[in-house]
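In what follows, a single structure is set out as structure tokens and then discussed.
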Amino acid sequence: MTPMTGTPALDALLASIAAAPDAHALFADTSARLRRITPFDATVWVATDPVNGLTTAPVRVENLHEGGCGTYWESELFAEHVNLFRDLAVAKVPVAGLREVTGDKPALSPLYRGFMRPRGFDDELRAVFRVDGQPWGQLSLFRERGRPPFRAADIALVQVLCTPMAQRLRAFALPAVPPQSATTAPGLLLFGAGGELLSLNDEARDLLAEMPPGPAAPTPLGIDLPLPIWILNTAGRARLTGAASRIRVRTTAGRWLVCHASCLRDAEGRASTTALVIEPAKPAEVAELIVAAYELTPRELEVTELVARGLATADIAARLFLSPHTVRDHLKSIFDKVGVTSRGELVAKLFTEHREPLAAPATVRALDAAS
């Protein structure tokens, strides 16, 4: 069963997605309009790093009070085995309902047992906003006991929104004005084997103070320094997998930061602490996002990378086993998409100028957001 296309409510919803001025407004307006079409009681809207799918800013949380949210966020990393976002990101249909998948046995889900049931929620619908194989955001909708579960019509409706939502989030990676340069020494945070913050340097405090507001956890250090959930998730992924983990996020000052975490081991090879470094992003760190935002094809990306390395048309043709004429056609297409007229402008725009953030600076927690 698929939602009726061309209905006024759905048309208005799709139009509002296309016209949203930033990610914060996108989440707020889409949530309000969607709630009128398919009711829900609480929701979480998240922007993600399209390279690895990890949570970044902004995050919009509606009708979920403070406390216990760590269970929700950590379920993706440590416990949840039903409807994982990372599985939905590569599924044929990137939307699924908990009761629909479990055959009305939601207790099979650790998230249901540890987070949903204690809060009176009886079903969850999850979706990943993806385009061209890249996840730019994700969504959770919750319904309380007494409401009907999410079924095929709800799943089909949200599926209609997934690509437009991803396209709009991707569009926000295109900055409108050149950013101001800023230099900051790296910040360092150390987490214990259980994920608790052990220590941090002054630079980390300064950079955390620039983070956009959003879901966060208090620290045990006796200071007013909540840790954003995207920081905890990045450290948690490294702690869980033993592999390095990183995300890109913008600050309230309007610049890119990269947060990368590594799991440290003791002399016996056992996981001990996790180190997370926050530092200003180099141009190459955000180039992947910018290239994706301009919708360059894989071949156009290859040509762009070789242009950035200074290769001439003939050298690019030889490297990629193409004719010079084909390379020139690719360059014309790249110039048109990026809005430049020369190789120098292309390199400057993709690898030098673009350090503006991926998404909007503000994140909110809304309660009783019924309208």
When ligands, DNA and RNA are left out and all protein chains stay put, how many square angstrom of accessible area per residue does segment 187-282 have with a 1.4 Å probe?
-> 42 Å²
Solvent-accessible area per residue for segment 8-172 (1.4 angstrom probe, square angstrom) = 36 Å²
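Averaging over every viewing direction, what projected area does the convex hull of the Cα atoms of segment 70-154 cover, in nm²? Before the final figure, lay out the partial values.
Details: hull surface 22.0 nm².
That works out to 5.5 nm², a quarter of the Cα hull's surface.
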Of the convex hull drawn through the C-alpha atoms of segment 296-352, the volume per residue in Å³ is 67 Å³
Just grab the label-to-label distance for ALA185 and LYS282, each label 7 Å out from Cα along the Cβ direction, in nm (one decimal).
-> 2.0 nm
Calculated SAXS-style log₁₀ I(q)/I(0) at q = 0.12, 0.15, 0.17, 0.22 Å⁻¹ - segment 187-282, Debye, Cα scatterers | -0.34, -0.54, -0.69, -1.13
Could you work out the equivalent-ellipsoid semi-axes for segment 8-172, taking the square root of 5 times each eigenvalue of the Cα gyration tensor, largest first, in whole Å?
-> 23, 18, 15
Hey, any idea what % of segment 8-172's accessible area is carbon plus sulfur with a 1.4 Å probe?
-> 53 percent
Compactness relative to 2.2 N^0.38 Å, alpha carbon Rg of segment 110-163 | 1.28
Lys/Arg +1, Asp/Glu -1 at C-beta; segment 8-172 dipole; positive extreme among PHE85, ALA42, PHE150 | PHE150
So, with points 7 Å from each Cα along the Cβ direction, the ARG145-ALA171 label distance in nm works out to 4.3 nm
If one puts a single equal scatterer on every Cα of segment 238-326 and applies the Debye formula without solvent, what log₁₀ I(q)/I(0) results at q = 0.15, 0.18, 0.22, 0.26 Å⁻¹?
-> -0.76, -0.87, -1.02, -1.19
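If you place +1 on the Cβ of every Lys and Arg and -1 on the Cβ of every Asp and Glu, how big does the dipole about the Cα centre of segment 118-158 come out, in debye to the nearest 20?
That gives segment 118-158 a dipole magnitude of about 100 debye.
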Simple spin-label estimate for THR163 and ALA253 in nanometres, 7 Å along Cα-Cβ | 4.1 nm
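The values are calculated or read from the model by the stated rules, or taken from the named source; none is laboratory data. What you are looking at is a predicted structure, and each value in this text was computed from that prediction instead of being measured. Counting neighbours? That spans all protein chains shown, and the Cβs are built from the backbone with ideal geometry, glycine included. Side chains included, ligands, DNA and RNA excluded: accessible areas come from the protein's heavy atoms. Shrake-Rupley method; radii C 1.70, N 1.55, O 1.52, S 1.80 Å.
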